[in-house]
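Chemist: What follows is a single structure, and I will ask about it in a moment.
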Amino acid sequence: MNHRTRPGRSRRLALSLAAAAAVLAASGVALLAPGAAQAASTLGAQAAASGRYFGTAVASGKLGDSTYSTILDREFNMITPENEMKWDTIEPSRGAFNFGPADQIVNHALAHGQQMRGHTTVWHNQLPGWVSSITDANTLRSVMDNHITTEISHFKGKIYAWDVVNEAFADGSSQHRSSVFQNVLGNGFIEEAFRTARAADPAAKLCYNDYNIENWTDAKTQGVYSMVRDFKARGVPIDCVGFQSHFGSGGPPASFQTTLSNFAALGVDVQLTELDIAQAPSAAYTNTVTACMRVARCAGITVWGIRDSDSWRSGESPLLFDGSGNKKAAYSAVLSALGTGTPVSNPPTTAPPTSAPPTSAPPTTTPPTSAPPTGCTASMVAGTVWGDRYNTAVNVTGSSNWIVTVTITAPQKISSTWNISASWDSSGNVMTARPNGNGNSFGFTTMFNGNTGARPRVSCRVG
C-alpha cells in the first residue's frame, strides 16, 4: 500500500518439518525451515510447516531498536520494506539511484535467514515530481523501463517476489485509476512493466498488488481478476496477486476465501501482503488466516508492521504486538490458525465455484438483535503524516448501514482509500463513503498540495 530474497543457509530441521521441506522443493517455493527449538512456536515457524511464510513490513530506521529487531528476527521469515524500495527513495532524480536504505534491509534479511519481497517498482503514489510531470509517452516508457530494470537488477537473486505494479485500479471500479502511467501510456503500461521485470530477473515471482479486492463481487476485484485472466491467457509473465487486506474490525468479507480460490485457479499464487485489522480482534485474524490456509496456492501472509506503534493505522491498534512489543491475544489466534493449513501444492486442475461462500464461519459482523439505531456517528483518528500527505482513519458506530460524507479543504485531495466504496462530487473535495463488507472502520490518504493546516470534516447518516 500506501501505498523479497533467496533463503539463507538452512538451520537444522525438526523431524516434524521434513515433509514440509519436501513439499517446498516439489512446488518450487523456497522457504527457510525453522530450527527444531522453534518449531510451531513462532509465526514464521508455524507458517513454514505447511510451506508458507509469515512476514512483516520493515523500516530501515527502526532496525536499531532492539525490541523491534528482536521480534522481527524471532517471529518473521519474510520481510517487505515499507518505503525503501519505492520510487521516491530509489530514484529521487532521473538516473540517480539510491539503494542504501533498501540494501540495509536486504542485508539484515540475508544475515538472519529471512526472505525478501520487493515493494514496489511502479506506483502512482510516492512518485517524484520529475516523473509525474512527464507528458511524452516515449520518454515515460523509457523512464519506467529503466527504473524497473535498474532496481530489479540491483537486487537480482535476493528477492523472492516483486510487487511490480501497485494499486493500478480505481476505487469501486473495474477500470484503471488515473495516474501519469495510465494517462500517458494507457492500459498497456501494466503489461509492459511485467515483461520488463521478467527480463530483469527471470527467477523472481512477479505480483500485482492492490487493496479492496478481497470481496469477490466488487467491481474492482472483478477488474483485477479479468486482467490476470487475460495476462495468463496471453502469456504475460504474472506469477502472483497480492491482497493488501487492510480490514476493519469485522475482518475479511465472507467471500474472501472464494476470492483467493478463484484467483489461484487462474494459475497464480495469492498472497496477503499488508494485513492489519482494526482493534486486532482474534476472531477476525483467525478468519483471515484460515482463508489463506485453506487455499493451496496461498503462499504466505505479511502483516504491515510489527508493533501497534509501528503501524500506519496506529490509532486503531491493528497488529499482533502492542506498542511495548508484547504479544496480543490475536497473536495466539494467528499461531493456532497457521497450524491448520494443508501443505502448499500445485494449482488445482479444476476451477472452484465462483460464488460458493467459504466453509469457515464469516467474521462476526451480523447486526444486533435489538432494534437498529436511528442514527450513526463517525469519529476520526489521525494517522501517519508525511511531508506531502497524511492518513486519516474513521470509525463508525450506531449503524452498519451508514453513509459517511468526508469533506476536504482545497487544494488538498484524497489520493487513496481502504475498506470503503467511495465516490466524489464534481469538485473532488467531497467524498461519499459507504461500507463494502469490510466492517465499520475505513481510512484514506490525503495529499496536502501546499495546504498543511487543514484537516477533513466527517458526518454520518443512515443509508
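Chemist: Can you find even one residue in the range 13-26 that is in contact with a Leu (Cβ under 7 Å, 6 or more places away or on another chain), open to solvent by 30 Å² or more (accessible area, probe 1.4 Å), part of a loop (DSSP other than H, G, I, E, B) and modelled with pLDDT under 95?
Modeler: Looking through the range 13-26, none of the residues is in contact with a Leu (Cβ under 7 Å, 6 or more places away or on another chain), open to solvent by 30 Å² or more (accessible area, probe 1.4 Å), part of a loop (DSSP other than H, G, I, E, B) and modelled with pLDDT under 95.
Chemist: For the range 200-226, which positions are of a type outside the set (K, R) and assigned to a strand (DSSP E or B)?
Modeler: Listed by number, the residues that qualify are L206, C207, Y208, N209, D210.
Chemist: Can I ask one more? Kindly establish whether S173 is open to solvent by 20 Å² or more (accessible area, probe 1.4 Å) and over 14 Å from V122 (Cα atoms).
Modeler: In short, yes.
Chemist: For the range 135-190, give me each residue that is closer than 19 Å to V236 by Cβ and in a loop (DSSP other than H, G, I, E, B).
Modeler: Hits for the range 135-190 are E167, A168, S174, Q175, G186, N187.
Chemist: Follow-up question, since we're still on this one. Of all strands (runs of 3 or more DSSP E) completely enclosed by the range 397-438, which ones contain at least 2 residues that are in contact with a Lys or Arg (Cβ under 8 Å, 6 or more places away or on another chain) and surrounded by 15 or more Cβ atoms within 10 Å (Cβ to Cβ)?
Modeler: Result: 402-407, 420-424.
Residue-by-condition table, conditions (1) open to solvent by 10 Å² or more (accessible area, probe 1.4 Å); (2) not in a strand (DSSP E or B):
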position: V228; (1), (2): no, yes
position: A233; (1), (2): yes, yes
position: P237; (1), (2): yes, yes
position: V241; (1), (2): no, no
position: G251; (1), (2): no, yes
position: Q257; (1), (2): yes, yes
position: V270; (1), (2): no, no
position: E274; (1), (2): no, no
position: Q279; (1), (2): yes, yes
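Chemist: If S50 meets every condition in (1) at pLDDT below 95; (2) open to solvent by 20 Å² or more (accessible area, probe 1.4 Å) apart from one, which number is that one?
Modeler: (2)
Chemist: Something else about it: Scan the range 206-215 and tell me whether some residue there is of a type outside the set (V, I, T) and touching a His at 6+ places or on another chain (Cβ under 7 Å).
Modeler: Applying the first criterion (of a type outside the set (V, I, T)) to the range 206-215 yields 206-212, 214-215.
Narrowing the set further to residues that are touching a His at 6+ places or on another chain (Cβ under 7 Å) leaves 211.
Checked the range 206-215: at least one residue is of a type outside the set (V, I, T) and touching a His at 6+ places or on another chain (Cβ under 7 Å).
Chemist: Can you tell me which of (1) among the small types (G, A, S); (2) open to solvent by 10 Å² or more (accessible area, probe 1.4 Å); (3) within 16 Å of A393 (Cβ to Cβ); (4) touching an Asp or Glu at 6+ places or on another chain (Cβ under 6 Å) is the one S309 doesn't meet?
Modeler: (4)
The values are calculated or read from the model by the stated rules, or taken from the named source; none is laboratory data. Values in this document were obtained by computation on a predicted structure and should not be read as measured data. Note that each Cβ is placed from the backbone with ideal geometry, even for glycine, and that neighbours are counted across all protein chains shown. When the accessible area is computed, the model is the full protein with side chains, heavy atoms only, and any ligands, DNA or RNA have been set aside. Shrake-Rupley method; radii C 1.70, N 1.55, O 1.52, S 1.80 Å.
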